[in-house]
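*Asks:* Here it is, the structure, as C-alpha cells.
The values are calculated or read from the model by the stated rules, or taken from the named source; none is laboratory data. Note that the structure is a prediction, hence the values are computed from the model and not measured. Heads up, the Cβs are rebuilt from the backbone with ideal geometry, glycines too, and the neighbour counts pull from every protein chain shown. Protein only, heavy atoms only, side chains kept; ligands, DNA and RNA dropped before computing areas. Shrake-Rupley method; radii C 1.70, N 1.55, O 1.52, S 1.80 Å.
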Amino acid sequence: MAKLKLELENENEETVVYTKEKVKGRAVRKAFQTMKKIEEADYEEQLDTLIDYVVDVFDNPGVTEDSILDGVESEELMSTLSNVITDVVGVDPEDADNAQAKK
C-alpha cells in the first residue's frame, strides 16, 4: 500500500508534513497519464503537470500549487514531486530491470 509523505515549509519557515495513508487505484492510472504527458512537454509544462498531480493526489487544502512552490527548496522541487509519483506506482526509477520504469 502506498503511503505518501510531503514536507512543505510554511510562511513561518516551519516544516509541515502532509501524509496520505490510502491511495486509490485511480491515482496510479493518473500517474501513468502524468508521466506520459511529461515526456511530451517542455520544462514549464512538466513542472505544472507534476504540481497538478501532487495537489490532486493529496487532496488536502494545505497542499496547493502555491504551498508547493513556496514550500520546497528549488534544488529539491523536481525530485520531491517525482517521488510522489514513484511512491504511488511503486516503481523505482533507478531499477533498470523494471519494465514499468522503462515505459
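*Asks:* Among (i) 6.0; (ii) 10.7; (iii) 6.6, find the value of mean projected area of the Cα convex hull in nm² that was calculated from the structure presented, and write down its label.
*Replies:* (iii)
*Asks:* So what is the 222 nm mean residue ellipticity for the chain from helices alone, if each DSSP H run of at least 4 adds -39500 (n - 2.57) and you divide by all residues, rounding to the nearest 500 deg cm²/dmol? Working shown, then result.
*Replies:* Working: 5 runs with 58 residues, N = 103.
So the helix-based figure for the chain works out to -17500 deg cm²/dmol.
*Asks:* Further, regarding this structure: With all protein chains present, how much of the accessible area of the range 1-85 (probe radius 1.4 Å) comes from carbon and sulfur, to the nearest whole percent? Before the final figure, lay out the partial values.
*Replies:* Values: 2580 of 5840 Å².
The computed percentage sits at 44.
*Asks:* Any idea of the accessible area per residue across the chain, 1.4 Å probe, to the nearest Å²?
*Replies:* On the way: 7200 Å² over 103 residues.
I get 70 Å² per residue for the chain.
*Asks:* About the Cα centre of the range 1-40, how large is the charge dipole given +1 on each Lys and Arg Cβ and -1 on each Asp and Glu Cβ? Please answer in debye to the nearest 20. Write out the running numbers ahead of the final one.
*Replies:* Details: 10 positive and 8 negative charges, 142 e Å.
Charge dipole, the range 1-40, about its Cα centre: 680 debye, nearest 20.
*Asks:* Next question. Using a Förster distance of 22 Å, how high is the FRET efficiency between Val17 and Glu39, based on the Cβ-Cβ distance and rounded to 0.05?
*Replies:* Efficiency at R0 = 22 Å is approximately 0.10.
*Asks:* Something else now. Under a 10 Å cutoff between Cα atoms, tell me which one of Val23, Val57, Val88 has the largest fluctuation in the Gaussian network model of the chain.
*Replies:* Evaluated over the chain, the most mobile residue of the options is Val23.
*Asks:* Sticking with this structure for a sec: Which aspartates and glutamates have a Cα less than 17 Å from the Cα of Lys22, not counting those fewer than 8 places away in the same chain?
*Replies:* Within the straight-line cut-off, Lys22 pairs with Asp56, Asp59, Asp87.
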